[in-house]
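Working notes, structure below.
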């Protein structure tokens with residue numbers, strides 16, 4: 001916009017101000033009338049035909065000065081100085097002071113929006129507000145940003161300068177059918193269109209750009225002061241003179257309901273031009289809601305519901321995620337559109353911002369396009385199952401099918417079948433490459449394979465009996481859940497060929513025999529025993545290979561499980577046929593929490609010096625298995 005005056009006394013200096021805007025296939029071009037010269041010095045004097053208008057003259061093209069208009073004047077490196085317009089009998093005078101020794105100066109209108117100090121006499125800063133109060137058939141006083149440069153005459157006579165417009169205008173018509181219904185109008189673009197401006201005035205034609213910091217991509221137009229809505233008539237947006245690659249008009253009515261119109265045209269970019277917008281339609285911005293869908297507690301996906309922009313008109317939509325990928329396409333239909341979780345490629349919509357691009361027909365029969373956005377904030381509900389198995393796990397059926405054979409086939413100190421699984425999310429989501437589940441574990445093991453539904457880990461070998469808890473986490477859509485599994489290393493199944501003093505309790509002088517290819521434990525003292533880690537009573541089968549030798553004294557050999565005798569063999573003394581008694585049988589028993597041991601007992605006992613021929617017990621094998 002430009003502060004323009006008609007001066008009948010001076011030579012006319014022409015400013016060509018022509019502007020074209022395309023909206024909804026409408027293009028209209030207007031030119032502002034020629035702008036007269038303005039005399040600026042210590043006293044700035046200009047004459048004009050029009051002194052009653054704040055902004056545009058009745059013809060909608062001429063800009064006139066008004067009493068009280070204030071400009072900022074800079075000379076050399078001085079701070080801005082205020083010169084105020086006095087309009088009288090067709091003449092406008094600005095009075096102020098500049099540095100006496102300086103003749104070069106520049107001026108900016110309005111004073112309030114100019115920077116306190118000019119960068120130089122050819123680089124000026126001025127701010128275009130992003131919120132503007134409308135004036136019917138014009139624009140608010142103070143929004144007509146303009147600049148001028150000149151030189152003070154040595155003889156003290158007024159210097160002539162010409163103010164040049166900085167901004168462009170977008171003209172908007174409020175039709176009668178929405179008279180006093182609209183409370184706010186927002187024009188949004190992809191580029192900065194308001195905020196701090198930098199004006200390079202090194203040549204006759206100023207070059208304007210939006211500053212790198214603080215720019216605004218939308219301008220809000222509010223109703224004229226003392227009004228809460230726009231009356232029928234003409235109004236103007238004042239924008240930075242940048243080329244706009246598509247824009248959206250959003251209208252909010254007095255009840256808070258919003259309507260939107262969008263243009264994808266490339267428009268604008270020349271200062272001082274008036275761009276006329278096309279006819280307005282009250283087009284609602286579709287409201288969008290989303291909700292995750294569960295069936296029997298299992299996440300199936302996300303439903304999206306969109307209300308129509310225009311009632312009873314066909315429309316269709318596509319939904320894109322933040323990466324620009326189309327996640328839903330909704331076919332043309334009338335009324336409310338629903339995109340359901342049955343979508344094959346994107347049944348679930350992760351948390352984030354989504355853009356809805358829609359095509360529709362207006363009430364006036366025009367084919368239009370619009371865009372809106374929505375956020376998915378709902379967290380998914382799911383769980384984590386941590387699986388792991390020891391021999392005891394299979395024996396009792398703890399989370400697995402009870403299987404004694406498999407229990408006995410599992411190495412006693414190994415935890416196997418370790419995997420972390422996500423529960424509560426359907427396979428069509430977990431097996432979909434558009435989604436990902438990440439896993440971590442808090443136990444000793446490495447990931448050997450993984451998929452969205454399960455992460456598998458290598459077997460773990462422990463050195464001691466005991467209870468071990470394996471914990472892991474799974475993360476899906478930013479939500480992390482954890483699971484754990486406690487396994488018991490009982491020490492079963494167990495085989496000793498023969499028992500060793502490192503594993504069995506007993507005196508050291510028991511563990512000596514290896515002769516004539518016979519190896520075993522020669523039991524002189526009464527008993528040896530082996531304890532296991534038993535969380536609950538365990539039924540076992542104990543297999544043995546024993547040889548009872550007697551000499552002058554007989555003895556009784558007894559096999560115990562859980563402190564209860566499950567086998568007994570009595571051998572007398574002195575009788576040759578009774579000198580050797582053997583057994584290779586298997587006997588059932590129960591290990592108890594109170595007494596989780598297997599024991600072998602020689603009732604007589606003997607001194608070590610009878611090692612060769614004394615009464616003793618030779619134990620070649622003890623095997624304990626689940627029963």
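Table for the structure above
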read-out: Elements of type strands (runs of 3 or more DSSP E) in region 108-156, at least 2 residues being touching a strand residue (DSSP E or B) at 6+ places or on another chain (Cβ under 6 Å) and within 19 Å of residue 187 (Cβ to Cβ); value: 123-128, 131-135
read-out: Yes/no for residue 347 being surrounded by 16 or more Cβ atoms within 10 Å (Cβ to Cβ) and modelled with pLDDT under 95; value: no
read-out: Complete set of residues in region 489-524 that are surrounded by fewer than 17 Cβ atoms within 10 Å (Cβ to Cβ) and either assigned by TED's automatic domain parsing to the domain that holds residue 393 or modelled with pLDDT of 80 or more (or both); value: 495, 497, 500, 502, 503, 505
read-out: Test: residue 199 is buried (at least 22 other Cβ atoms within 10 Å of the Cβ) and in a strand (DSSP E or B); value: yes
read-out: Filter result (over 24 Å from residue 367 (Cβ atoms), assigned to a loop (DSSP other than H, G, I, E, B) and without any contact (Cβ under 8 Å) to a residue 60 or more places away in the chain) within region 329-357; value: 340, 341, 342, 343, 344, 349
read-out: 2 or more residues at pLDDT 85 or above: qualifying strands (runs of 3 or more DSSP E) within region 66-105; value: 70-74, 81-88
read-out: Selected residue (only one of 324, 297 is in contact (Cβ under 8 Å) with a residue 60 or more places away in the chain, loosely packed, with under 13 Cβ neighbours inside 10 Å and not assigned by TED's automatic domain parsing to the domain that holds residue 435); value: 297
read-out: Residue among 140, 114, 107 that is within 23 Å of residue 182 (Cβ to Cβ) and surrounded by 18 or more Cβ atoms within 10 Å (Cβ to Cβ); value: 140
read-out: Region 307-328: number of residues that are under 22 Å from the mean Cα position of the chain (by Cα) and assigned to a strand (DSSP E or B); value: 6
read-out: Residue that is farthest from residue 217 (Cα to Cα), among those in region 180-196 that are touching a strand residue (DSSP E or B) at 6+ places or on another chain (Cβ under 7 Å) and in a loop (DSSP other than H, G, I, E, B); value: 181
read-out: Meets criteria (crowded, with 20+ Cβ neighbours inside 10 Å and touching a helix residue (DSSP H, G or I) at 6+ places or on another chain (Cβ under 8 Å)) for residue 339; value: no
read-out: From the options 435, 392, residue that is in contact with a strand residue (DSSP E or B) (Cβ under 6 Å, 6 or more places away or on another chain) and either crowded, with 16+ Cβ neighbours inside 10 Å or touching a residue at least 12 places away in the same chain (Cβ under 8 Å) (or both); value: 392
read-out: Filter result for residue 378 (assigned to a loop (DSSP other than H, G, I, E, B), in contact (Cβ under 8 Å) with a residue 12 or more places away in the chain and within 30 Å of residue 444 (Cβ to Cβ)); value: no
read-out: Flag for residue 411 being at pLDDT 95 or above, over 30 Å from residue 340 (Cβ atoms) and either out of contact with any strand residue (DSSP E or B) (no Cβ under 9 Å at 6 or more places or on another chain) or not assigned by TED's automatic domain parsing to the domain that holds residue 544 (or both); value: yes
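Yes/no matrix, rows are residues, columns are (1) surrounded by 13 or more Cβ atoms within 10 Å (Cβ to Cβ); (2) in a strand (DSSP E or B); (3) in contact with a strand residue (DSSP E or B) (Cβ under 8 Å, 6 or more places away or on another chain):
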position	(1), (2), (3)
445	yes, no, yes
448	no, yes, yes
452	yes, no, yes
456	yes, yes, yes
463	no, no, no
470	yes, yes, yes
473	yes, yes, yes
481	yes, yes, yes
487	yes, yes, yes
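The values are calculated or read from the model by the stated rules, or taken from the named source; none is laboratory data. Note that the coordinates shown come from a computational prediction; the quantities given were computed from them, not determined experimentally. For neighbour counting, all protein chains shown are included, and Cβ atoms are generated from backbone atoms with ideal geometry for every residue, glycine included.
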